[in-house]
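See structure below.
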Amino acid sequence: GDGAPSARPAVTEFVGTNRLGDSIGLVIANVDSDLLAMMRLERDYKSLGILGARTGAGPQIFAADEAVKATNAEVLSIEMARDTKGGAGHGSLVVFGAEDVSDARRAVEVALAELDRTFGDIYANDAGHLEFQYTARASYALQKAFGAPLGRAFGITVGAPAAIGVVLADTAVKASTIDLIGYSSPAHGTSLTNEVIAAFSGDSGAVRQAIIAAREVGMPLLAALGTQPESASTPYI
Amino acid sequence: GDGAPSARPAVTEFVGTNRLGDSIGLVIANVDSDLLAMMRLERDYKSLGILGARTGAGPQIFAADEAVKATNAEVLSIEMARDTKGGAGHGSLVVFGAEDVSDARRAVEVALAELDRTFGDIYANDAGHLEFQYTARASYALQKAFGAPLGRAFGITVGAPAAIGVVLADTAVKASTIDLIGYSSPAHGTSLTNEVIAAFSGDSGAVRQAIIAAREVGMPLLAALGTQPESASTPYI
Amino acid sequence: GDGAPSARPAVTEFVGTNRLGDSIGLVIANVDSDLLAMMRLERDYKSLGILGARTGAGPQIFAADEAVKATNAEVLSIEMARDTKGGAGHGSLVVFGAEDVSDARRAVEVALAELDRTFGDIYANDAGHLEFQYTARASYALQKAFGAPLGRAFGITVGAPAAIGVVLADTAVKASTIDLIGYSSPAHGTSLTNEVIAAFSGDSGAVRQAIIAAREVGMPLLAALGTQPESASTPYI
């Protein structure tokens, strides 16, 4: 938000926030069983960690992937709203589960901290945005959200308006020997966002090289619609 | 709208507006039969009342509920757009039907006036919003939209970003002996909004107490993402 | 975009932009076959033309219709995002195919240029928008997007908030002897936009007369919610 955040809330469920994406982390130590039954989670746990954001799904999902690697929590559901506060993309709701509330809390804390990195290769101007993500080793959050093969390098390219995302996908897949394992567009696989999202798996160097090649093509294309796109944080790829 | 509204339009169909939610009320005395056949209404009536808004579905649906209690009109369809002018929630389109155009018009007038009240427990800041609604006796609009049992007390909690809405739901259902009868989230039951909406039925005092408990937890959580949330009108719960 | 556009990008795929709707035109000379297989196109072509926009689907589809009339390219897919940068309507992604890249490029160029005209009868204020489109002879893009009968006159009315669109549809269908061939609303047929879109086919003069009648009713209705709506370009109907 633009306003000065208030004092830390005196609410048990509060874990923390990250100004990137208006992200908030929460925890429920012992969730109500009727509520749990309606939440369509993959498994039932009594302790839930909750990561939500107005802007971003990719950053939160890649952050959640690090959280499940680093903790005893599991990712139980990932939902993507059509949001971005008037922008072209997604907001997100990620639910972690754990036997112990301290594990759920820890997962949320790790994910909130990782956002500083995973917002690094988001570039936006008034007309749209580009997003690039990369990991050397995909874990359960990326498997759940994108069907990423476990333990292999994985990356995504995102372009908005969606037309730019088509060219990013084509550029990446031609730039090195990788597998194109996903393609989402406004009417298929996104939450009606104005994005094309392409997902790539393969050898570590090859995936990274493909993502970088796409970024080099995407930046001048988005710039043609407005000002030079700027990183939301510090680029990491 | 931000601009000064123009003079009252000299159009037969115009009933009125309410600045809350950019809401407009219209009426069609004798709807074209080809159009009627395409509108997917629950029943056919020749006279339609139409309530539409850029921001809000809860306020308009609770207002429509009062309108059907107070008039000879029926609610024929309720559709929720993904809107809020860049915010995290819904806009709405409610269609009333009546045998007589004066009944359709009256329903729209009642609903437009009720919005002053039903926007009262919407609290927003730059990062999101909370919504609370309560009625001692649910009627046909709430039954249609939320499956509310007729004649019983009914309420909803809404939190955006959706993460906050999960905690509101858990807080409310634990606060008193009520039935959780609905849970909607970005990917299930909403129009891809960044909200969790929980719906509660039960005894009048219990439902009201649950809603108030959720409101007390939600306010500091939303405030943690920005400024202190402010009511869009005058709180009524 | 609001910012000053950068220099023309030195990227092979770039064709051009139109500030109306933040529209961009791109071309891929020889699309990757794995990508092509995932794009859900109606037919496979190795050369693709791509027209994308943050704001508008009607203007881009009517522009694409002129492009397929004027070139050897075909429309392979039309997707509508929920966008308009916080407004009530759609963004769009239109993919053309051609045997030869020069034909794909030409289709994109024609469509980008046509946008100056097809944005002419979009009228907006802070509260919503109206859109009117008309052609004396529908071709393949309009057939694909709206089911328009080939070679006949065709038009659409769009009102946002959706309530206004209901009255536009009723006004148009009553104004002359035309066929109502489509009706889309927030929950059916749109990408959850806050619009009602009605589509009309018939004799040239009758369709045009119906569209003009709807425009005359719609302008004061939208004005009742804010300032006098203004054309995004130069009215053509």
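Among the residues of the range C:54-76, how many are over 12 Å from the mean Cα position of the chain (by Cα) and either at pLDDT below 95 or part of a helix (DSSP H, G or I) (or both)? Lay out the reasoning, then the answer.
Pass one, the range C:54-76, residues over 12 Å from the mean Cα position of the chain (by Cα): C:67-76.
Still in the list and also either at pLDDT below 95 or part of a helix (DSSP H, G or I) (or both): C:67-70.
Residues in the range C:54-76 being over 12 Å from the mean Cα position of the chain (by Cα) and either at pLDDT below 95 or part of a helix (DSSP H, G or I) (or both): 4 in total.
Reported count of residues in the range A:217-237, each being assigned to a helix (DSSP H, G or I) and in contact (Cβ under 8 Å) with a residue 24 or more places away in the chain, is 6. Filtering the range C:107-133 to residues that are over 16 Å from C:Ala232 (Cβ atoms) and touching a strand residue (DSSP E or B) at 6+ places or on another chain (Cβ under 8 Å) leaves C:Ala107, C:Val108, C:Glu109, C:Ala111. One residue stands out in the range B:94-109 among those that are surrounded by 22 or more Cβ atoms within 10 Å (Cβ to Cβ) and over 19 Å from B:Ile156 (Cα atoms): the one that is farthest from the chain's Cα centre (by Cα), namely B:Ala98.
Just to be sure, is A:Val173 within 14 Å of another protein chain (Cβ to nearest Cβ), assigned to a helix (DSSP H, G or I) and touching a Gly at 6+ places or on another chain (Cβ under 9 Å)?
On the way: within 14 Å of another protein chain (Cβ to nearest Cβ): yes; assigned to a helix (DSSP H, G or I): yes; touching a Gly at 6+ places or on another chain (Cβ under 9 Å): no.
No: the conditions fail for A:Val173.
For the range A:122-165, which residues satisfy the criterion of being crowded, with 21+ Cβ neighbours inside 10 Å, within 14 Å of chain C (Cβ to nearest Cβ) and not in a strand (DSSP E or B)? Answer for the range A:122-165, where residues must be crowded, with 21+ Cβ neighbours inside 10 Å, within 14 Å of chain C (Cβ to nearest Cβ) and not in a strand (DSSP E or B): A:Ala127, A:Phe146, A:Pro161, A:Ala162, A:Ala163, A:Ile164, A:Gly165. Is it the case, given these coordinates, that A:Leu168 is in contact with a strand residue (DSSP E or B) (Cβ under 6 Å, 6 or more places away or on another chain), at positive phi and within 12 Å of chain C (Cβ to nearest Cβ)? So A:Leu168 fails the test. Of all the criteria given as (1) away from chain A (no Cβ under 11 Å); (2) within 21 Å of A:Val95 (Cα to Cα), the one not satisfied by B:Ser231 is (2).
Name the residue, out of B:Asp116, B:Asp65, that is more than 14 Å from every other protein chain (Cβ to nearest Cβ), in contact with a Ser or Thr (Cβ under 7 Å, 6 or more places away or on another chain) and within 17 Å of B:Thr17 (Cβ to Cβ). It would help to see each step written out before you state the result.
Values: B:Asp65 fails: within 17 Å of B:Thr17 (Cβ to Cβ).
Sole residue among the options that is more than 14 Å from every other protein chain (Cβ to nearest Cβ), in contact with a Ser or Thr (Cβ under 7 Å, 6 or more places away or on another chain) and within 17 Å of B:Thr17 (Cβ to Cβ): B:Asp116.
With the condition kept exactly as written, say whether any residue in the range C:88-95 is in a helix (DSSP H, G or I) and at the interface with another protein chain (Cβ under 7 Å from one of its Cβ atoms). No: the range C:88-95 contains no residue that is in a helix (DSSP H, G or I) and at the interface with another protein chain (Cβ under 7 Å from one of its Cβ atoms). Just one of the listed residues (B:Val95, B:Val101) is touching a Ser or Thr at 6+ places or on another chain (Cβ under 6 Å) and under 17 Å from B:Met39 (Cα atoms), and it is B:Val95.
Reported count of residues in the range B:9-27, each being within 7 Å of another protein chain (Cβ to nearest Cβ) and within 26 Å of the chain's Cα centre (by Cα), is 7.
With respect to C:Ala104, is the statement that it is under 17 Å from A:Ala127 (Cα atoms) and either in contact with a Cys (Cβ under 6 Å, 6 or more places away or on another chain) or among the hydrophobic types (A, V, I, L, M, F, W, C) (or both) true? Answer is no for this residue.
Could you please let me know if A:Glu109 is touching an Asp or Glu at 6+ places or on another chain (Cβ under 9 Å), more than 14 Å from chain B (Cβ to nearest Cβ) and among the acidic types (Asp, Glu)? Reasoning before the result, please.
On the way: touching an Asp or Glu at 6+ places or on another chain (Cβ under 9 Å): no; more than 14 Å from chain B (Cβ to nearest Cβ): yes; among the acidic types (Asp, Glu): yes.
Here the answer is no, as A:Glu109 does not meet what is asked.
Is it the case, given these coordinates, that B:Glu216 is of a type in the set (Asp, Glu) and under 15 Å from the mean Cα position of the chain (by Cα)? No, not satisfied.
Residues that are in contact (Cβ under 8 Å) with a residue 12 or more places away in the chain, in a helix (DSSP H, G or I) and touching a helix residue (DSSP H, G or I) at 6+ places or on another chain (Cβ under 9 Å) do not occur anywhere in the range B:192-200. You will find that of C:Ile237, C:Ile178, C:Ile197, the residue that is more than 8 Å from chain B (Cβ to nearest Cβ), within 27 Å of B:Leu76 (Cα to Cα) and under 16 Å from the mean Cα position of the chain (by Cα) is C:Ile197 and no other.
Can you find even one residue in the range A:23-34 that is among the small types (Gly, Ala, Ser), in contact (Cβ under 8 Å) with a residue 12 or more places away in the chain and more than 23 Å from A:Phe132 (Cβ to Cβ)?
Restricting attention to the range A:23-34, the residues satisfying the condition of being among the small types (Gly, Ala, Ser) are A:23, A:25, A:29, A:33.
Still in the running and in contact (Cβ under 8 Å) with a residue 12 or more places away in the chain: A:23, A:25, A:29.
Now drop any that are not more than 23 Å from A:Phe132 (Cβ to Cβ), which leaves A:25, A:29.
Scanning the range A:23-34, I find at least one residue that is among the small types (Gly, Ala, Ser), in contact (Cβ under 8 Å) with a residue 12 or more places away in the chain and more than 23 Å from A:Phe132 (Cβ to Cβ), so the answer is yes.
Kindly indicate whether any position in the range C:28-38 is more than 9 Å from chain A (Cβ to nearest Cβ), crowded, with 19+ Cβ neighbours inside 10 Å and touching a strand residue (DSSP E or B) at 6+ places or on another chain (Cβ under 6 Å). No: zero hits.
The values are calculated or read from the model by the stated rules, or taken from the named source; none is laboratory data. Computed from a predicted model, the values in this text were never measured in an experiment. Cβ: placed from backbone, ideal geometry, glycine included. Neighbour counts: every protein chain shown.
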